[in-house]
Amino acid sequence: MPRRAIPHACDNIRNSNRRPPRLAVAAMLLGGICLLTAGPAEARGATLMAGAAKVDITNRDAGPVNDPLYARALVIRSGETTAVLVAVDAVAIGEIGYITNEYLPTVRATLNDELGIPPEHVLINASHCHGIVCTDVAERTVQAVKAAVEKMVPVTVGAGSGHEDRIMENRRLKLKSGREVDVRHAYSLPPDDAVAEVGPVDPQIGLLRLDREDGTPLAVVYNFACHPIQGVPGGANTADITGFSSKVIEENLGEDVIALFLQGCGGDINPIDYKDVDHPRSAEPLGNMLGLSALAGVRTIDCREDDRLTVINETLTLPRGDRTERIAELESKQRQLLQSLRGTSLSLKTFLPLAVKYSLSDDYPSYYSHRYLHDDALGRSDLRHLDAENRRNIQAYMRNIHTMEELTRVQTNLRLLRKHQASLVASGKRTVDVEVVGMRVGEFVLVTFPGELTVRIGLNIKKASPHDHTFVAGYTNGYIYYAPTAEQLLNVGGAQEDSDCILAPEWQAIFEGKAAEILERL
């Protein structure tokens, strides 16, 4: 006979006149087992149990809504070990955006009090979409976890990967000067002939599939690296690329399936053609492609009985960066750029038609060729003198434009450096503590970090891992801004990733070393 799901005790709790002690509630909800410790389950001969649910967290009072935002929860249990994985359609878990710093401790404390789930076993990842969530997002997140607990059934699991390389690009541009800038709406880009190369992307979609005993899918976890910041026409509230991709997966696999997106190392990865001005910005086509590529990978996964479930949660102390010298250098550069601006005879009104004319014809820009030949035959050079003067004015005006564009980059990044330097001084500390989690479900292995990891970090960790199905999720259990490589931090002030960062270059080796250690233990 097939194994039966553990009966839900919630109905008994609701009908009781006396509220049971909170640990008793936890025991009943989770099958009569007190969930207090972590560790490998294989020695206990446990059955892997899982439940998944989602709850709408859209702020419908904040303006037009294009598509809903969700908190999606997956609860997994094996023996005495329980893990909670939550995927939230939000920009970050605290610090910036609409989720406050109280959110994570509130959710964890509630789950610990009411379900007995240890706080260190709760992983919450932000997709990094810029949607607006409701003010009671913490309560709704707990609601999603409780709903997932009530749906727990025996499951089989499998891990694998998909491939998608059409929807993203590395936004850091290496210039011929050796500096790096990045593709942002906050400032203009350098001239095309100044760009030497771009960085890598990670096309891998990390996949965890959980099936019910009858073979129907219960949940899919998929991990991918890309900023979901494309938006939709009209700018309405949206879960962006990954909201559409999750919808594609869920609708194709069945209405009871929950697809949880875990943002990867997308710190320097933009949607493709991010600064396109010839087409309306729409996340839906990109999300559809990601969803279909994830589905293609999901369908290759063979789910099997595997009760391995391990959670390792450690606090890592990382060095903070002191930007005093770099701020002074950028302030000096800012003054130099400002002082280099020079007056020109042209204005925008006269520059634009001249720029068009002089790009259409090198030899005869001011009139047809026969007029030039006529003047040449008579020994006159009025048009050619006019052309020389106009070209000088065009070049001078262009120099000012490029200088002003460089100023926007310097000033934007300088504000970021000043903000984090002030935070460093106010903290009185040269270090910051971060939460690093390693999680294993069957063959699926995950390492998390609270910052916006750049793509090379993820590629490094995957390459060094002893496990075939290793994936990395940033934006998890907190938020500490960008986490670029030590090499990228040599460029402080040149791109957002190295400017909107509180870490010293040494952080990378410390984190990658800890990640390797955790992976060996999983």
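The values are calculated or read from the model by the stated rules, or taken from the named source; none is laboratory data. In this text, all values refer to a predicted model and were calculated from it rather than measured experimentally. Here the Cβ is made from the backbone with ideal geometry for all residues, glycine too, and neighbour counts use every protein chain on show. Just the protein is used for accessible areas: all its heavy atoms, side chains included, with ligands, DNA and RNA removed. Shrake-Rupley method; radii C 1.70, N 1.55, O 1.52, S 1.80 Å.
If I ask for residues that are within 30 Å of M404 (Cβ to Cβ), hydroxyl-bearing (S, T, Y) and open to solvent by 40 Å² or more (accessible area, probe 1.4 Å), which ones from the stretch 342-393 would you list?
Result: T344, S345, S347, T350, S359.
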Query raised in the report: For the subset of the stretch 68-87 comprising residues that are under 19 Å from I99 (Cβ atoms) and assigned to a loop (DSSP other than H, G, I, E, B), which member is most open to solvent (accessible area, probe 1.4 Å)?
Result: P68
Requested in this report: Please report, ordered by residue number, the strands (runs of 3 or more DSSP E) entirely within the stretch 143-214 with at least 3 residues that are within 22 Å of the chain's Cα centre (by Cα).
Outcome: 153-163, 168-170, 172-175, 180-182, 204-212
Query raised in the report: Taking the condition in contact (Cβ under 8 Å) with a residue 12 or more places away in the chain and of a type outside the set (A, V, I, L, M), does E389 pass?
Result: no
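In this structure, is L286 surrounded by fewer than 19 Cβ atoms within 10 Å (Cβ to Cβ), touching a residue at least 12 places away in the same chain (Cβ under 8 Å), touching a helix residue (DSSP H, G or I) at 6+ places or on another chain (Cβ under 7 Å) and over 24 Å from L123 (Cα atoms)?
Numbers: surrounded by fewer than 19 Cβ atoms within 10 Å (Cβ to Cβ): no; touching a residue at least 12 places away in the same chain (Cβ under 8 Å): yes; touching a helix residue (DSSP H, G or I) at 6+ places or on another chain (Cβ under 7 Å): yes; over 24 Å from L123 (Cα atoms): yes.
When the stated conditions are applied, L286 does not pass them.
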Report summary line: When (1) out of contact with any strand residue (DSSP E or B) (no Cβ under 7 Å at 6 or more places or on another chain); (2) crowded, with 24+ Cβ neighbours inside 10 Å; (3) not aliphatic (A, V, I, L, M) are applied to G51, the one that fails is (1)
Query raised in the report: Can I241 be described as farther than 18 Å from H130 by Cβ and not polar (S, T, N, Q)?
Result: no
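Which of the residues that make up the stretch 506-522 are open to solvent by 20 Å² or more (accessible area, probe 1.4 Å) and within 21 Å of the chain's Cα centre (by Cα)? Step through it out loud before you land on a result.
Taking the stretch 506-522 and keeping what is open to solvent by 20 Å² or more (accessible area, probe 1.4 Å), we get 506, 508-510, 512-514, 516-517, 520-522.
Correct list: Q508, E512.
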Report summary line: Exception for L292 within (1) outside any strand (DSSP E or B); (2) surrounded by 22 or more Cβ atoms within 10 Å (Cβ to Cβ) falls at (2)
Query - Residues of the stretch 313-341 classified as in contact with a Leu (Cβ under 8 Å, 6 or more places away or on another chain), under 17 Å from R430 (Cα atoms) and open to solvent by less than 50 Å² (accessible area, probe 1.4 Å), total - result: 5
Query raised in the report: Out of (1) in a helix (DSSP H, G or I); (2) touching a helix residue (DSSP H, G or I) at 6+ places or on another chain (Cβ under 6 Å), what's the single condition that is false for T485?
Result: (1)
Requested in this report: From R440, R399, R415, R409, grab the single residue that is part of a helix (DSSP H, G or I), within 24 Å of the chain's Cα centre (by Cα) and in contact (Cβ under 8 Å) with a residue 12 or more places away in the chain.
Outcome: R409
Report task. Just need a number here: residues in the stretch 88-112 that are free of Cβ contacts under 8 Å to residues at least 60 places away in the same chain, part of a loop (DSSP other than H, G, I, E, B) and not β-branched (V, I, T). Result -> 5
Report task. For the stretch 273-283, enumerate the residues that are surrounded by fewer than 22 Cβ atoms within 10 Å (Cβ to Cβ) and of a type in the set (A, V, I, L, M, F, W, C). Result -> V277
Query raised in the report: So which residues in the stretch 222-272 are of a type in the set (A, V, I, L, M, F, W, C), closer than 30 Å to S499 by Cα and open to solvent by 20 Å² or more (accessible area, probe 1.4 Å)?
Result: I229, A236, I272
**Report entry** Every residue from the stretch 112-135 that is surrounded by 24 or more Cβ atoms within 10 Å (Cβ to Cβ) and out of contact with any Ser or Thr (no Cβ under 9 Å at 6 or more places or on another chain)
**Finding:** V122
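Suppose the filter is farther than 19 Å from Y475 by Cα, touching a residue at least 60 places away in the same chain (Cβ under 8 Å), of a type outside the set (S, T, N, Q) and crowded, with 21+ Cβ neighbours inside 10 Å; does R172 pass it?
Details: farther than 19 Å from Y475 by Cα: yes; touching a residue at least 60 places away in the same chain (Cβ under 8 Å): yes; of a type outside the set (S, T, N, Q): yes; crowded, with 21+ Cβ neighbours inside 10 Å: yes.
Yes; evaluated as a whole, the condition is true for this residue.
Residues checked against (1) within 18 Å of the chain's Cα centre (by Cα); (2) in contact (Cβ under 8 Å) with a residue 60 or more places away in the chain; (3) not in a helix (DSSP H, G or I):
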site	(1), (2), (3)
V447	yes, yes, yes
P450	yes, yes, yes
R456	yes, yes, no
Y479	yes, yes, yes
L490	no, no, no
G493	no, yes, yes
Query raised in the report: Pairs, please: C-beta under 8 Å, at least 6 apart or cross-chain, first residue under 24 Å from I229 (Cβ atoms) and at pLDDT below 95 and in the stretch 245-261, second surrounded by 24 or more Cβ atoms within 10 Å (Cβ to Cβ) and among the β-branched types (V, I, T)?
Result: none
**Report entry** Search result, residues across the stretch 136-156 that are among the small types (G, A, S) and buried (at least 19 other Cβ atoms within 10 Å of the Cβ)
**Finding:** A138, A144, A148
Report summary line: Going through the stretch 178-194 in order, the residues found to be open to solvent by 30 Å² or more (accessible area, probe 1.4 Å) and under 13 Å from Y274 (Cα atoms) are R184, H185, A186, S188, L189
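Name the residue, out of G379, G428, that is without any contact (Cβ under 8 Å) to a residue 12 or more places away in the chain, under 30 Å from R320 (Cβ atoms) and not polar (S, T, N, Q).
Only one candidate qualifies: G428.
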Query raised in the report: Among (1) open to solvent by 10 Å² or more (accessible area, probe 1.4 Å); (2) out of contact with any Phe, Trp or Tyr (no Cβ under 9 Å at 6 or more places or on another chain), which single condition is Q204 missing?
Result: (2)
